[in-house]
Amino acid sequence: MENKNTVPNGNGKGVVKVINLSGGYIIPRISESAKSRKAWVEFGIDGMDDFFNTLIKRYETSPTNQACIDGTTDLIYGKGVKAKDRLDLEEYLYSLTTEDEIRKIAFDYKLFGNAAVQCVFNEDRSKVVNFYHLPVDTLRAEKVNEEGIIPGFYYSADWTNKNIKPKYIPAFGQNQFEDDVQVIYMKRYAPGKFYYGIPDWYSSLQYCAVEEEVSNLHINNILNNFMPSTIINFNGGVPAVEEQALVENSIANKFTGTTNAGRFILSFNDNPEYKTTVEMLRPENLHQQYDFIAEESSRKIMLAHRITSQMLFGIKTASGFSSNADELKTAYEIMLALVIQPFQQEIVKVIQGIVEFNGVEGESLYFAPLIPFGFLAELMEDAGAANAKEMIENPNDVPDAVAEPSVGDNADETQAENPNETIGEVVGPENTGVQGT
């Protein structure tokens, strides 16, 4: 918030108004607060339970960040979850959920670094009859129990409304149920964090805020008729405070805003010494500074998202598409292997664990990749239609990568009992660097 201080000049014949701008920007610090009397763990910045809301704001106000998240989510989801040579398994999967629910799960996992799946059980609670996306920003983790396990989560449609009492939902695998419902919570590993994950793009959070502020700056420049740094001197003496305010409001109403662009100032003076003077305080090469800040912010955001080429999302470069076919293909292959497939594997593990909990073999489930038409045509020409289909259904041995871990004789039984195990659900306090516990 700005403060205005009126300071007389040295000779007592003028008044200078000094505006104190807001304090410096504070670097966001993530904190998990488990010391309060609340049954759940708050997750926020500088002790405030605002982490998820901050991520949503940066998604909504940063064009580059939104494009990266939406584009990456499209690549993760691809053409949906399919079953290799198992049409019956595919039909069974979509009797439990829908394509839209799976896409929402993928979106949350990319945006928040956390995702939640709501599982609905039958009457005897022996099988999952449906599973749905549950907005992860509506959940807060229950404090860890004596066994080092997070037993459940608290749900609230609006955590800022203290009048809403959070509803408790047990974690998958617990003996307790809430209306035949349990929740599977997915989270990316983050050093020093136990209860929640952090999105892969979090390091660019400040650059997302820069994009927002740059857009606000341009809007304010337009609304102020591109005159943000102007001094208008009235040299006929210092009027009373009330008269100063009247003149200030009159000028603001007449000359600011896009509808007042092009107006001129008409000044009547008895003496040339008292003429009105207008001074422009514009930094040199201001447009170049704005261009650099915008480009640097966009570049750092894409770097945090590990975007190998902005052309993947339809952003045309100076040299155009036609001369960058090889670059685009290589960028797609690298991003698919290093960014997209790890996300797909984590989500498929959860889905696979749910269907296997019901006693249905699910190792052939995979995300059908979204392949550009030009690459698909080239693949079919080089490998043939049959081999191309095999490569698409099994890119880089994805089904083998997402299959159950073969550790011990009862590995299959362990995963079928608790899908949380497939996403790294801890069985003890593995991280000694937990903050606030």
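The values are calculated or read from the model by the stated rules, or taken from the named source; none is laboratory data. All values derive from a computational prediction rather than experimental measurement. Positions of Cβ are generated from backbone atoms using ideal geometry, with glycine treated the same way; all protein chains shown enter the neighbour counts. When the accessible area is computed, the model is the full protein with side chains, heavy atoms only, and any ligands, DNA or RNA have been set aside. Shrake-Rupley method; radii C 1.70, N 1.55, O 1.52, S 1.80 Å.
What to note about this one:
- When we screen 138, 73 for residues that are closer than 22 Å to residue 173 by Cα, within 18 Å of the chain's Cα centre (by Cα) and without any contact (Cβ under 8 Å) to a residue 40 or more places away in the chain, the only hit is 138.
- Residue 106 vs. criteria farther than 20 Å from residue 348 by Cβ, modelled with pLDDT of 90 or more and either of a type in the set (Phe, Trp, Tyr) or under 13 Å from the mean Cα position of the chain (by Cα) (or both): no
- Residues of the stretch 92-103 satisfying the condition of being surrounded by fewer than 20 Cβ atoms within 10 Å (Cβ to Cβ) and either at positive phi or not polar (S, T, N, Q) (or both): 92, 94, 99, 100, 101, 103
- Helices (runs of 4 or more DSSP H) wholly inside the stretch 298-404 that include at least 3 residues being buried (at least 19 other Cβ atoms within 10 Å of the Cβ) and modelled with pLDDT of 65 or more: 341-357
- Residue count for the stretch 108-157, restricted to those that are open to solvent by 50 Å² or more (accessible area, probe 1.4 Å) and farther than 20 Å from residue 195 by Cα: 7
- The set of residues in the stretch 48-80 being surrounded by fewer than 22 Cβ atoms within 10 Å (Cβ to Cβ), outside any helix (DSSP H, G or I) and of a type in the set (Gly, Ala, Ser) consists of 78, 80.
- Any chance residue 181 is more than 21 Å from residue 69 (Cβ to Cβ), open to solvent by less than 60 Å² (accessible area, probe 1.4 Å) and at pLDDT 75 or above: yes
- Residue in the stretch 81-88 that is open to solvent by less than 50 Å² (accessible area, probe 1.4 Å) and part of a helix (DSSP H, G or I) present: no
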